[in-house]
Amino acid sequence: MAGPVAALFCVLLLSGCSSSGGWGWYVIDPTTEAGRTNIRFLVGGFGATILMSAVAAMISIVVGLIVALPALSSRRWVRIINRIYVEFIRAIPLLPMLFWVFYGLPIVFRSIGLDLNIDPFWGAVITLAVSDSAFTAEIYRSGIQSVGRGQAEAAQSIGLNYYQTMRLVILPQAIRRILPPLANQFIYIVKMSAFASVIGMQELTRRANELVVTEYRPLEIYSLLILEYLVLVLIISAFVRKLERKMAPEERA
């Protein structure tokens, strides 16, 4: 996947160096000072993208576990609470949720006497974390339910209560099965973080948009943006595959 895309990018870059075709790759030409300045500006968004995605993923992991636990209850009304949350959150597109959090939540705060504003970073983090938590909760639920019922029965037979059983017996086994899917969800968060550009978050996509406004070369700049996301996702994917290989032999044992 990476090879053909990189090759295509190089072909386009070389074609832009010729006198024909009207290409404008000079805006990101690393052999010129202006090109290097533009590339540094675009690459400078990596830090914000990674930090925002990592914080959102950590919050999502915690919230997802809390949301998943009611789905395992023997009480029907408790399970209904879980289903309402999961289905409601999964049904909302990310962009409207982002607008509601960033523009609407401060109004809710003021209505109850709190003068709180939300900056673009935390607006994006809250939105990504909440949106992803519904999917994370389902990963937890399926992973926990994949642990044999006999494990819980054995724990109860030696006097462990529900929470002790979950913490000491079920979760340690389930976590091995859900780590790779959770890592894949991080890729989803990274890609969805591009929506944060619409509220002014200075991440990869926002910087590309700003450079397009000043340079008027959308094809070339957005091509580099795609390459940036490709590199980032490939690095994360390599980690996920390594994690899956590490977990697989012990699962088979």
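The values are calculated or read from the model by the stated rules, or taken from the named source; none is laboratory data. Every value quoted in this text rests on a predicted model; they were computed, and no experiment measured them. Don't worry about glycine lacking a Cβ; one is built from the backbone with ideal geometry, like all the others, and counts go over all protein chains shown.
I'm trying to understand the selection: among the residues of the stretch 211-238, which are without any contact (Cβ under 8 Å) to a residue 12 or more places away in the chain and surrounded by 16 or more Cβ atoms within 10 Å (Cβ to Cβ)?
Val212
For the stretch 188-199, check the following and say yes or no: at least one residue is modelled with pLDDT under 90 and either surrounded by fewer than 20 Cβ atoms within 10 Å (Cβ to Cβ) or under 26 Å from the mean Cα position of the chain (by Cα) (or both).
Going residue by residue through the stretch 188-199, those that are modelled with pLDDT under 90 are none.
Checked against the condition, which is being modelled with pLDDT under 90 and either surrounded by fewer than 20 Cβ atoms within 10 Å (Cβ to Cβ) or under 26 Å from the mean Cα position of the chain (by Cα) (or both), the stretch 188-199 yields no hits at all.
Within the stretch 202-225, work out how many residues are outside any helix (DSSP H, G or I) and under 15 Å from the mean Cα position of the chain (by Cα).
Step one: of the stretch 202-225, the residues outside any helix (DSSP H, G or I) are 202-203, 216-217.
Among the residues that remain, those that are also under 15 Å from the mean Cα position of the chain (by Cα) are: 203.
Qualifying residue count, the stretch 202-225: 1.
Condition (residue is over 27 Å from Arg241 (Cα atoms) and either modelled with pLDDT of 95 or more or among the small types (Gly, Ala, Ser) (or both)) applied to the stretch 133-153: is it met by at least one residue?
Start the filter on the stretch 133-153 by keeping residues that are over 27 Å from Arg241 (Cα atoms), which leaves 149-153.
Retained after the next criterion (residues that are either modelled with pLDDT of 95 or more or among the small types (Gly, Ala, Ser) (or both)): 150, 152.
Yes, the stretch 133-153 contains at least one residue that is over 27 Å from Arg241 (Cα atoms) and either modelled with pLDDT of 95 or more or among the small types (Gly, Ala, Ser) (or both).
Just need a number here: residues in the stretch 88-125 that are closer than 22 Å to Ala48 by Cα and of a type in the set (A, V, I, L, M, F, W, C). Please lay out each step first, then the result.
Step one: filter the stretch 88-125 for residues closer than 22 Å to Ala48 by Cα, giving 94-103, 117-125.
Cutting the leftovers down to of a type in the set (A, V, I, L, M, F, W, C) gives us 94-95, 97-102, 118, 121-122, 124-125.
Counting residues in the stretch 88-125 that are closer than 22 Å to Ala48 by Cα and of a type in the set (A, V, I, L, M, F, W, C) gives 13.
When you scan the stretch 68-181 for helices (runs of 4 or more DSSP H) that lie fully inside it, which ones turn up with 1 or more residues that are surrounded by 15 or more Cβ atoms within 10 Å (Cβ to Cβ) and touching a residue at least 24 places away in the same chain (Cβ under 8 Å)? Give the derivation first.
On the way: elements: 76-91, 94-99, 105-111, 120-145, 149-157, 162-165.
Because the criterion is at least 1 residues that are surrounded by 15 or more Cβ atoms within 10 Å (Cβ to Cβ) and touching a residue at least 24 places away in the same chain (Cβ under 8 Å), the helices (runs of 4 or more DSSP H) in the stretch 68-181 that meet it are 76-91, 94-99, 120-145.
Do we have any residue at all in the stretch 49-58 that's at pLDDT below 80 and either under 28 Å from Gly200 (Cβ atoms) or crowded, with 17+ Cβ neighbours inside 10 Å (or both)?
Initial filter on the stretch 49-58 (at pLDDT below 80): none.
There is no residue in the stretch 49-58 that is at pLDDT below 80 and either under 28 Å from Gly200 (Cβ atoms) or crowded, with 17+ Cβ neighbours inside 10 Å (or both).
Hey, among Ile170, Ile189, Ile139, Ile178, which residue is in contact with an Asp or Glu (Cβ under 7 Å, 6 or more places away or on another chain) and among the β-branched types (Val, Ile, Thr)? Working first, answer last.
Values: Ile170 fails: in contact with an Asp or Glu (Cβ under 7 Å, 6 or more places away or on another chain); Ile139 fails: in contact with an Asp or Glu (Cβ under 7 Å, 6 or more places away or on another chain); Ile178 fails: in contact with an Asp or Glu (Cβ under 7 Å, 6 or more places away or on another chain).
Just one listed residue meets the conditions, Ile189.
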